[in-house]
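Structure record follows, encoded as structure tokens.
The values are calculated or read from the model by the stated rules, or taken from the named source; none is laboratory data. Since this is a predicted model, take the numbers as computed values, not measurements. In this analysis, Cβ positions are derived from the backbone assuming ideal geometry, glycine residues included, and neighbour counts consider all displayed protein chains.
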Amino acid sequence: MSKSQNTATLALQQQLASIRHQFADTLLRSMAIVAIFGIPLSIIRAFNTGWLPLYTAHLLLGLVLLLSTLYNKQLSLPFKGMLLVLVFWLAGLPGTLNYGYASPGVWWLLASCLVAYVLFKARVALILAGFTLLCLLAVAAGFISNSLTPPHSATPYLSDPATWAAYLLVNFMVLFVIIRSFISYTASLQATTQHQFRQWIEDLPVGIVVLGPDLKSYYANHAATEMFGTQQQAHPIAFVAGTNTPYPMADMPAMRALRGETCQIEELEIESAGQRRYVQAWGRPTYNSEGHLTFGIAVYEDISARKQLDLLKNQFVSTVSHELRTPLTAIHGALGLVLGNALGTPEPKIRAMLEIAEQNSQRLIRLINDILDMQKVEAGQMAFHFSRIQLAPWLSQAIKQLEGYAVQHQVSFELAPVADDLWLSADPNRLMQVLANLLSNAAKFSPADATVHIRAQRHADFVRIAIEDHGSGIDEDFKAVIFRPFSQSDTSDIRRFGGTGLGLSISKSIVEHHGGALWFESTQGQGSTFYVDLPVK
């Protein structure tokens with residue numbers, strides 16, 4: 001068990017002990033007050049009924065209660081518990097022996113079990129309950145066998161107003177004991193539950209900070225304290241990731257949560273003790289039962305180690321990719337020269353092998369280019385050169401340049417008429433990259449002799465380019481991850497069609513950089529349609 005867990009457990013034990021002490025002290029004080037009024041009532045009853053041993057027990061009981069109330073701070077909790085159980089039995093047993101179940105003393109005996117349950121372990125309360133049951137059965141057997149009989153006629157006893165006053169007082173006290181027991185039990189249960197929840201939150205590896213409307217920190221778990229220190233939990237020093245630009249305080253997750261917003265910040269830098277770390281953050285508002293916003297909760301996850309691993313991975317991949325691209329380009333060029341008969345006409349068998357080598361070298365070059373493009377996208381370093389282009393002629397020319405995909409997969413591309421007044425501000429080369437990826441996918445996943453339809457239409461302030469195929473469609477499970485890097489529906493696609501699983505991810509980033517959106521609709525067995533929405537400028 002960690003030091004923080006030991007501290008929290010010790011605090012819970014102290015809180016539970018305090019609740020039990022309050023319960024015991026309240027009962028002792030209340031019963032002392034009852035004794036102050038009850039003893040005179042017993043003396044008054046003695047004039048009508050004669051002095052009974054019951055009244056002697058009442059006097060002794062009152063004296064014990066008064067003394068225990070005066071010295072309750074010096075008494076330990078186990079001693080208070082045993083004293084209360086003893087007092088309850090002294091109050092209840094004589095009346096039960098005199099008048100059986102008609103006496104309110106029975107309630108005192110039963111209430112003692114409830115007191116034992118609050119102040120001791122459940123096993124002690126069960127043992128006392130079993131002993132109480134045996135005693136009550138013995139009393140019943142005694143009255144049935146005439147071994148026990150009332151000391152005198154109940155008529156004068158019941159006609160005495162003091163008797164009824166004592167009876168009401170006693171029953172009220174028992175009712176008070178029951179209510180106070182439930183209050184203490186509820187408080188103990190609440191304290192235990194709070195401790196469990198707090199312990200779960202304390203042990204979480206993410207930092208949690210609760211900010212109040214007064215912008216003060218009401219709670220911060222152990223991870224948050226380690227992350228920000230004790231002085232900056234409410235308002236940590238933050239920067240835009242990868243820069244020295246301070247992150248706006250009003251846009252921090254806890255501040256946004258206090259405005260009723262639910263937010264997620266993918267990446268920012270937090271500085272504490274002169275050290276910066278990358279964090280991912282979330283903000284959530286909390287409301288009370290009346291619907292009023294009470295707190296803003298901010299959750300911070302330290303992703304510094306992940307960022308470092310990503311950096312090392314990217315550096316490795318970039319280095320390997322660049323080192324591979326140069327010799328592969330040379331190999332591909334040499335194979336092209338040989339196939340172009342620069343060194344003479346190769347024999348048919350040799351030409352077939354050279355063509356296979358040339359095709360695979362081309363695939364490797366595309367793979368490396370995709371990986372490098374993906375790195376540029378992730379680093380925000382992909383270059384764009386925007387120009388104003390007329391969509392109709394550009395789209396026609398682009399589809400002609402990509403006709404090789406259709407021939408290779410035995411399908412045809414069909415472009416619907418496009419209005420001449422559609423103009424875009426776009427990077428034609430990057431947009432061609434998107435179109436090439438979507439058309440190649442449509443061609444690959446379409447059956448032979450099928451037609452891939454391309455349409456471009458204006459919708460309000462944007463142009464929508466639709467590419468529709470009639471293939472097998474996209475699996476339901478794959479739809480949610482289709483735009484993730486290296487995502488492919490199953491391994492059979494890799495063997496059958498090739499590809500890296502990066503094309504759609506890169507295409508989506510390019511379209512979004514243009515201020516647009518890339519999305520799709522698909523029905524299994526009927527085909528898929530990918531849409532490129534681009535703003536009209």
Only strands (runs of 3 or more DSSP E) wholly contained in region 369-488 count here; list those with 2 or more residues that are polar (S, T, N, Q).
387-390, 451-459
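Out of Leu367, Leu391, report the one residue that is under 40 Å from the mean Cα position of the chain (by Cα), surrounded by 11 or more Cβ atoms within 10 Å (Cβ to Cβ), closer than 23 Å to Ile506 by Cβ and not polar (S, T, N, Q). Spell out the reasoning first.
Working: Leu391 fails: under 40 Å from the mean Cα position of the chain (by Cα).
Among Leu367, Leu391, only Leu367 is under 40 Å from the mean Cα position of the chain (by Cα), surrounded by 11 or more Cβ atoms within 10 Å (Cβ to Cβ), closer than 23 Å to Ile506 by Cβ and not polar (S, T, N, Q).
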Taking region 441-482 and the residues there that are of a type in the set (A, V, I, L, M, F, W, C) and within 38 Å of the chain's Cα centre (by Cα), the one that is nearest to Gln390 (Cα to Cα) would be Ile482
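Which is buried (at least 18 other Cβ atoms within 10 Å of the Cβ), in a strand (DSSP E or B) and in contact with a Phe, Trp or Tyr (Cβ under 9 Å, 6 or more places away or on another chain), of Glu301, Glu269?
Numbers: Glu301 fails: buried (at least 18 other Cβ atoms within 10 Å of the Cβ).
Going through Glu301, Glu269 in turn, the sole match is Glu269.
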Of the residues that make up region 27-48, is at least one at pLDDT 70 or above, part of a helix (DSSP H, G or I) and closer than 30 Å to Asn146 by Cα?
no
Pairs only if they're at least six apart or on different chains, beta carbon under 6 angstrom, first in region 284-305 and within 12 Å of Tyr219 (Cβ to Cβ), second among the charged types (D, E, K, R) and surrounded by 15 or more Cβ atoms within 10 Å (Cβ to Cβ); list them, first residue then second.
Ile297/Arg284
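Looking at this structure, is Leu335 buried (at least 16 other Cβ atoms within 10 Å of the Cβ), more than 30 Å from Ala456 (Cβ to Cβ) and either more than 44 Å from the chain's Cα centre (by Cα) or modelled with pLDDT of 80 or more (or both)? Before the answer, list the steps.
Working: buried (at least 16 other Cβ atoms within 10 Å of the Cβ): yes; more than 30 Å from Ala456 (Cβ to Cβ): yes; either more than 44 Å from the chain's Cα centre (by Cα) or modelled with pLDDT of 80 or more (or both): yes.
Answer is yes for this residue.
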